[in-house]
Amino acid sequence: MASAAAAINQAASPKSLEKSLWWDSFVPLFEELDGAPLSADLPDHLVKKIKNNRAWFLESVTRFRPPDEASRLALDSSEITIGSHHLLIKPEHKEAALRVSKCLVCVY
């Protein structure tokens, strides 16, 4: 009984993950870049977005790692926190998330 209560408490508390795991959708950014005039400097807000996502632009999927205990624990929780972003975990997507994670891992 105690282990069931501990599992419920663990699943109920949000798991905090490292901030670098978050990246904004590139679609709106690419649309903004596409609409920016070629003859002028980029607007400050676009420069900021590019700098904020620099690591993801440069390293893209090479930042993905094989699923580990921390990622499995995060998927077992009901909510995760990545920096200032809070995401609800949908249990029905857990297995798919693990499979996708395995596919995105780069082998060197």
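Each value in this text was obtained by applying a stated rule to the coordinates, not by laboratory testing. Keep in mind the model is a prediction, meaning the values are calculated, not measured. All Cβ positions, glycine included, derive from the backbone under ideal geometry; neighbour counts span all protein chains shown.
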Inset, instruction - Please arrange Ile50, Ile82 by counting, for each residue, the other beta carbons lying within 10 Å of its beta carbon, fewest first. - result: Ile50, Ile82
Legend entry - Cα pair distances exceeding 15 angstrom across region 2-104, given as percent: 71
Legend entry - Cβ-derived FRET efficiency at R0 25 Å, Lys94 paired with Leu33, nearest 0.05: 0.15
Legend entry - Computed lengthening from Ser16 to Phe64, 0.36 nm per intervening residue step minus Cα-Cα distance: 15.5 nm
Legend entry - From phi via Karplus (6.51, -1.76, 1.60), per-residue ³J(HN,Hα) for region 47-57 in Hz, x at Gly/Pro: 4, 4, 4, 5, 5, 5, 10, 3, 4, 6, 5
Inset, instruction - Sort Ser25, Ser39, Ser71, Ser13 so that the residue with the fewest other Cβ atoms within 10 Å of its own Cβ comes first and the one with the most comes last. - result: Ser39, Ser25, Ser13, Ser71
Inset, instruction - Arrange the following residues from fewest to most other Cβ atoms within 10 Å of their Cβ: Arg65, Arg54. - result: Arg54, Arg65
